[in-house]
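S.K.: I have a structure here, written as structure tokens, and I will follow up with some questions on it.
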Amino acid sequence: DVVETQEHYKSRRRSIWIMYLTMFLSSVGFSIVIMSVWPYLQKIDPTADASFLGWIIASYSIGQMVASPLFGLWSNYRPRREPLVISTAISVAANCLYAYVHLPPSHNKYYMLTARALVGFGAGNVAVVRSYIAGATSLTERTSAMANTSACQAVGFILGPVFQTCFTLIGEEGITWKLIRLQLNMYTTPVLFGALLGIINIILIFAIFREHRVDDMGRQCKSVNSEEEQDVQDENTEGSVDHVAVVAVNFLFFVILFVFAVFETIATPLTMDMYSWTRKEAVFYNGIILSMVGIESVIVFMVVKPLSKRTGERAILHAGLLIVLVGFFILLPWGKKLPNIQWQEVKNNSVPRTASTEMVMPFWSLPATELLSNSTVEPMGCPVTQSWCLNTPMIYLAQYISSDILIGLGYPVCNVMSYTLYSKILGPKPQGVYMGWLTASGSGARILGPVFVSQIYTHLGPRWAFSLICGIVVLSLLLLEIVYKRLIAFSVRYGRMQE
């Protein structure tokens with residue numbers, strides 16, 4: 001029995017690949033500036049502190065959380081091309097706004113906040129992408145398609161920091177296009193590049209993307225989003241969704257995104273505090289580290305596809321959460337060595353690090369001539385305004401890199417298994433709104449994660465911040481044990497297919 005024509009299959013695969021590209025560009029839009037937000041914020045608005053950085057990072061997710069259910073609902077009743085094009089156009093415009101946030105004479109940090117929120121609003125199309133892929137794949141194709149989607153997202157997270165690292169060669173000053181008052185530097189060029197990629201994405205959606213839908217067994221079905229497939233059979237959608245399983249997966253996904261948002265947000269401030277890196281060094285080195293973690297994640301995505309056929313998605317999700325727990329446990333401060341301390345006056349005079357000192361001497365112990373010569377040097381080390389810097393052991397670079405490796409292994413496993421289980425639990429019903437809520441829960445995690453870690457880290461230090469994260473992951477493991485037997489596919493639950 002032929003379940004679909006060859007022409008339909010090719011068109012369906014091409015459309016899915018356009019969705020992969022859209023997911024890739026969405027993640028690039030987030031990660032291409034993630035390492036440079038903090039130094040750029042310090043440059044354009046000295047009144048901004050580390051706490052406001054949390055809100056800047058979170059603003060992207062606030063926009064995405066608001067937009068995801070709306071775009072998901074839109075995609076349930078109208079051609080998906082509409083929300084995809086509109087959302088991408090919003091992201092393009094927002095990236096252009098980000099390139100101009102240095103121009104206003106004051107309140108620059110709020111303009112940056114607005115720009116990142118609008119980029120996030122455009123990224124609400126992730127719900128449309130996931131719902132389309134869930135509806136356009138059979139049950140046997142689903143894990144592979146979701147893994148590929150997450151792999152494209154991970155590649156976006158890889159190449160975003162890589163692009164940012166390359167653009168650091170332009171420098172902080174760069175060049176200025178006076179006619180349109182545009183500064184092309186290491187902070188603005190990445191977002192303009194992201195805007196160009198968004199325009200290319202819109203063109204490809206118009207040229208190649210088509211509406212398709214198949215049931216869990218791969219039979220061609222009528223799509224509510226298109227009038228092109230009126231002569232095909234409707235699938236059996238009788239039966240209710242297990243809402244306990246739906247809520248549980250939403251919570252688990254929230255935790256997974258929460259801990260990864262903490263990991264992303266804290267990278268630059270943590271390394272600047274612990275290793276006395278400058279702004280440029282922190283952007284450059286973290287870009288390289290996160291790029292390596294991203295490559296690791298893509299390999300993991302490729303491995304989990306065949307592995308899930310042997311062990312099942314639930315067992316792999318359990319293993320992924322355990323790995324993330326170990327990753328954050330390793331990140332706790334264990335030694336006795338303190339980080340270099342950044343002493344500074346009210347006027348922000350500071351003393352640079354030296355190779356022969358573990359703690360930089362306070363400014364009042366230096367000759368006046370030396371103090372004056374260093375008055376314009378960028379402050380480096382752990383700020384004395386963070387009281388924990390005086391008594392909390394430093395996190396060694398080996399700890400930091402080991403934690404990166406483990407989180408880079410556990411996070412992609414949890415991410416793809418969550419999406420796969422969720423789409424299978426929902427079954428053949430339109431998934432736009434449900435995927436919107438899942439994306440919104442992830443966006444909520446991206447909101448609370450940066451705010452949580454910036455506040456706890458700034459006031460209490462890394463020991464408290466990472467201990468609390470470990471506790472949250474332990475709670476999620478307990479929840480997974482409780483609902484383990486309910487996390488099964490819709491068709492399996494109603495006996496239409498065997499697990």
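S.K.: Go through the range 283-298 and give me each residue that's over 12 Å from I158 (Cα atoms) and hydrophobic (A, V, I, L, M, F, W, C).
M.R.: Matches in the range 283-298: V283, F284.
S.K.: Among all residue pairs at least 6 apart or on different chains, which show Cβ distances below 8 Å where the first residue, located in the range 394-406, is touching a residue at least 60 places away in the same chain (Cβ under 8 Å) and not assigned by the TED database to the domain that holds E296 and the second is part of a helix (DSSP H, G or I) and of a type in the set (D, E)?
M.R.: Pairs found: none.
S.K.: Only one of (1) over 30 Å from W388 (Cα atoms); (2) in contact with a Lys or Arg (Cβ under 9 Å, 6 or more places away or on another chain); (3) modelled with pLDDT of 80 or more fails for M292. Which number is that?
M.R.: (2)
S.K.: When you go through (1) modelled with pLDDT under 85; (2) within 24 Å of the chain's Cα centre (by Cα); (3) over 26 Å from S27 (Cβ atoms) one by one for L468, which number turns out not to apply?
M.R.: (1)
S.K.: Another question, if that's okay. Could you count how many residues in the range 155-173 are open to solvent by 10 Å² or more (accessible area, probe 1.4 Å), touching a Ser or Thr at 6+ places or on another chain (Cβ under 7 Å) and within 16 Å of S31 (Cα to Cα)?
M.R.: 4
S.K.: Given (1) at pLDDT 85 or above; (2) open to solvent by less than 50 Å² (accessible area, probe 1.4 Å), where does W437 come up short, assuming only one miss?
M.R.: (2)
S.K.: Shifting gears a bit: Within the range 25-68, count every residue that is aromatic (F, W, Y) and either surrounded by fewer than 21 Cβ atoms within 10 Å (Cβ to Cβ) or outside any helix (DSSP H, G or I) (or both).
M.R.: Counting residues in the range 25-68 that are aromatic (F, W, Y) and either surrounded by fewer than 21 Cβ atoms within 10 Å (Cβ to Cβ) or outside any helix (DSSP H, G or I) (or both) gives 2.
S.K.: If you don't mind, another one. From the list L97, L184, L196, which residue is closer than 17 Å to S26 by Cβ, surrounded by fewer than 21 Cβ atoms within 10 Å (Cβ to Cβ) and either touching a Cys at 6+ places or on another chain (Cβ under 9 Å) or without any contact (Cβ under 8 Å) to a residue 24 or more places away in the chain (or both)?
M.R.: The unique qualifying residue is L196.
S.K.: Restricting to the range 199-217, what's the tally of residues that are assigned to a helix (DSSP H, G or I) and open to solvent by 10 Å² or more (accessible area, probe 1.4 Å)?
M.R.: Counting residues in the range 199-217 that are assigned to a helix (DSSP H, G or I) and open to solvent by 10 Å² or more (accessible area, probe 1.4 Å) gives 8.
S.K.: In the range 465-476, what residues are of a type outside the set (V, I, T) and either outside any helix (DSSP H, G or I) or surrounded by fewer than 17 Cβ atoms within 10 Å (Cβ to Cβ) (or both)?
M.R.: S467, L468, G471, L475
So that you can scan it fast, the table gives a plain yes or no per residue for (1) closer than 19 Å to V37 by Cβ; (2) modelled with pLDDT under 80; (3) aliphatic (A, V, I, L, M):
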position: N201; (1), (2), (3): no, no, no
position: R210; (1), (2), (3): no, no, no
position: C221; (1), (2), (3): no, yes, no
position: V232; (1), (2), (3): no, yes, yes
position: V255; (1), (2), (3): no, no, yes
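S.K.: Just the residues that are polar (S, T, N, Q) and part of a loop (DSSP other than H, G, I, E, B), please, taken from the range 87-145.
M.R.: S106, T137, S138
S.K.: Hey, any hits in the range 266-284 for a residue that's more than 20 Å from F163 (Cα to Cα), of a type outside the set (F, W, Y), open to solvent by 40 Å² or more (accessible area, probe 1.4 Å) and at pLDDT 85 or above?
M.R.: No, the range 266-284 has no match at all.
The values are calculated or read from the model by the stated rules, or taken from the named source; none is laboratory data. What you see is a predicted model, and the numbers here were worked out from it, not measured in a lab. Cβ sites come from the backbone with ideal geometry, for glycine too, and all protein chains shown count toward neighbours. Each accessible area value is taken on the protein alone, full model and side chains, heavy atoms only, with ligands, DNA and RNA left out. Shrake-Rupley method; radii C 1.70, N 1.55, O 1.52, S 1.80 Å.
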